[in-house]
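The values are calculated or read from the model by the stated rules, or taken from the named source; none is laboratory data. Computed from a predicted structure; not experimentally measured. Reconstructed Cβ throughout: ideal geometry from the backbone, glycine too, with neighbour counts over all protein chains shown. Keep in mind that these areas ignore ligands, DNA and RNA; they rest on the heavy atoms of the full protein, side chains included. Shrake-Rupley method; radii C 1.70, N 1.55, O 1.52, S 1.80 Å.
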Amino acid sequence: MNINLTLIGQTISFFFFVWFCMKFVWPALMAVMAEREKKIADGLEAADRADKDLELAQKKATQQMRQAKEEAAAIIEQANKRASQIVEEAKEQAVAEGKRLKAAAAAQIEQDVNRAKEELRGKVAKLALAGAEKILGATIDEAANSDLVNQLAADL
Amino acid sequence: MASEGLTQTGYIQHHLQNMAYGKLPAGYVRVDAEGHQHVLEQATWTLAHTSQEAADMGFWAVHLDTLGWSIALGALFCFLFTRAAKRATSGVPSGLQSFVELVVEFVDGVVKDTFHHSNKLVAPMGLTIFMWVFMMNLMDLVPIDWLPLGAQVISGDPHLFFKVVPTTDPNATLGMAIGVFLLMIFFSIKNKGIGGFVKELALHPFNHPLMIPFNLFLELVGLIAKPISLGLRLFGNLYAGEMIFILIALLYSAGLIAGIGGGVLQLGWAIFHILVITLQAFVFMVLTTVYMAMAHDVDESH
């Protein structure tokens, strides 16, 4: 329990250890801890940002979905309209075609009738001539009388 | 328990004596273990064999055990913390690194709370003091006869003095307190100038020329009291703690029942002592930081 040189020895070693700690231990540890602190802060910030991004993306997705639905509805409506239009058009065309066919058929019939009339006329002329020949008993000069007969036939 | 034939007083005294290495003057009469006397013909550097010899060595002696253990523990602190610092990564810390970072963060927090100036020395000094004092105090928990007995067996000297707790030696605690004191004066003068430092001593607490001698007396006593109270607080707590361990150890030689009682007591006191050693290390660190802060406070108005 005597005070002696140990006192000074202890003071010197105290200064040495403090210096050592200040030089080699403290700054290195502090740097590492500050770096980790920064890392954690960055990580938290990134997580925050990701959260925000997710929220934004969800909002965007919802919006896009709604837009798509609207578009789809518009397209369907348009298609419906177009379909009815096509049906209408087809109907009109069918009616027109029917009319055309009817007209053609009518024309054909008329032509046929005309042709038959023509034929009949020829035959009537010949028949009239033959009848007249029989009645008259003599050959009629066909060439001289055909005009008359043909005129007769044309009046039928 | 120590060797037979040792009285209880002798046992206690033996445990309280450091291993002193110093100079005995010429003509000094030494008494060896068998009671023979012989006179030293010339001044000799030697280990003290008795407390009386240690006392007669005066100031020019060193306590090899105190210095040895404190330097070894300080070196261990440096080694552990340097290793942790070198291997430290900013990733997930583990093992030694987390312990070291825990301590560093704790000390850093305490220092930041009490010390608001910019000084690169104070926080590492707080860490050094805390860990070093804590480790020196921790030696108190090693059963008190193990290491001295080991040292006696190794050295072959059954009367070797060997104290393992440096902080139970006032030289160690006052030595550190003197270190703190020198830093305190250094930073005071650096921050306030010699004039400012002297003014602080001379013009407080009574700012009047007539009161200067009174002020000086008061402030100087206050100034000197700081390192002394700092060192003696630590020494007193640890010395008392070790004393109780020694007294408990005495029970082991007093029969089976007393021995078992002693074991229980030692366990209880050791558990309680864990608090004391941590607290004392903490107090030493905090007071050092406070003194440093006082040395940095320039425009202090009372």
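Failed condition for B:Tyr11, given (1) over 23 Å from the mean Cα position of the chain (by Cα); (2) open to solvent by less than 70 Å² (accessible area, probe 1.4 Å); (3) touching a residue at least 24 places away in the same chain (Cβ under 8 Å), with all others met? Every condition holds for B:Tyr11 apart from (1). For region B:89-104, the candidate set comprises residues that are in a helix (DSSP H, G or I) and not charged (D, E, K, R); within that set, the residue that is most open to solvent (accessible area, probe 1.4 Å) is B:Leu102.
Does region A:74-87 contain any residue that is more than 25 Å from the chain's Cα centre (by Cα), of a type in the set (A, V, I, L, M), over 30 Å from B:Gly109 (Cβ atoms) and open to solvent by less than 80 Å² (accessible area, probe 1.4 Å)? For region A:74-87, residues more than 25 Å from the chain's Cα centre (by Cα), of a type in the set (A, V, I, L, M), over 30 Å from B:Gly109 (Cβ atoms) and open to solvent by less than 80 Å² (accessible area, probe 1.4 Å): absent.
Contact map, region A:27-39: first residue closer than 13 Å to B:Ala85 by Cβ, second residue open to solvent by 30 Å² or more (accessible area, probe 1.4 Å) and not charged (D, E, K, R), Cβ cut-off under 8 Å, separation 6 or more or different chains; pairs are A:Val32/B:Thr89.
B:Val100 falls short on exactly one of the conditions (1) under 30 Å from B:Pro124 (Cβ atoms); (2) more than 14 Å from chain A (Cβ to nearest Cβ), and that condition is (2).
As a summary of the residue check, B:Lys86 satisfies the conditions (1) buried (at least 16 other Cβ atoms within 10 Å of the Cβ); (2) among the charged types (D, E, K, R); (3) without any contact (Cβ under 8 Å) to a residue 12 or more places away in the chain except for the one numbered (1).
In the set (1) touching a strand residue (DSSP E or B) at 6+ places or on another chain (Cβ under 8 Å); (2) open to solvent by 50 Å² or more (accessible area, probe 1.4 Å), B:His63 fails one condition alone, (2). Name the residues in region B:246-259 that are touching a helix residue (DSSP H, G or I) at 6+ places or on another chain (Cβ under 9 Å) and open to solvent by 50 Å² or more (accessible area, probe 1.4 Å), would you? Listed by number, the residues that qualify are B:Leu247, B:Leu251, B:Tyr252, B:Ser253, B:Ala254.
For beta carbons closer than 9 Å, sequence separation of 6+ or different chains, a first residue in region A:113-130 that is closer than 14 Å to A:Leu148 by Cα and a second that is open to solvent by 100 Å² or more (accessible area, probe 1.4 Å), the qualifying pairs are A:Arg121/A:Leu156; A:Val124/A:Leu152; A:Val124/A:Leu156; A:Ala125/A:Leu152; A:Ala128/A:Leu152; A:Leu129/A:Glu142.
Being away from chain A (no Cβ under 14 Å), under 20 Å from B:Thr289 (Cα atoms), open to solvent by less than 50 Å² (accessible area, probe 1.4 Å) and in a helix (DSSP H, G or I) holds for only one residue in B:Gly179, B:Gly222, B:Gly193, B:Gly175, and it is B:Gly222. Here is a check on your reading of the model: is B:Gly150 without any contact (Cβ under 8 Å) to a residue 24 or more places away in the chain, assigned to a helix (DSSP H, G or I) and farther than 16 Å from B:Ile277 by Cα? Criteria met by B:Gly150.
Here is a yes/no grid of residues against (1) modelled with pLDDT under 80; (2) crowded, with 18+ Cβ neighbours inside 10 Å; (3) within 13 Å of chain A (Cβ to nearest Cβ):
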position: B:Met19; (1), (2), (3): no, yes, yes
position: B:Val31; (1), (2), (3): yes, no, no
position: B:Thr46; (1), (2), (3): no, no, no
position: B:Ser51; (1), (2), (3): no, no, yes
position: B:Ala54; (1), (2), (3): no, yes, yes
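State all residues of region B:56-79 that are over 19 Å from B:His14 (Cα atoms), more than 9 Å from chain A (Cβ to nearest Cβ) and small (Gly, Ala, Ser); if no residue qualifies, say none. Once the filter is applied, which keeps residues that are over 19 Å from B:His14 (Cα atoms), more than 9 Å from chain A (Cβ to nearest Cβ) and small (Gly, Ala, Ser), region B:56-79 yields only B:Ala72.
Among the candidates B:Gly58, B:Gly74, B:Gly22, B:Gly35, the residue that is free of Cβ contacts under 8 Å to residues at least 24 places away in the same chain and out of contact with any Cys (no Cβ under 7 Å at 6 or more places or on another chain) is uniquely B:Gly35. For the residues A:Asp48, A:Asp53, A:Asp112, A:Asp141, the requirement of being surrounded by 10 or more Cβ atoms within 10 Å (Cβ to Cβ), at pLDDT below 95 and acidic (Asp, Glu) singles out A:Asp112. On the stretch given as region A:9-46, residues that are under 24 Å from B:Val180 (Cβ atoms) and facing chain B (nearest Cβ under 7 Å) total 15.
Just one of (1) closer than 30 Å to A:Met30 by Cα; (2) more than 10 Å from chain A (Cβ to nearest Cβ) fails for B:Val107. It is (2).
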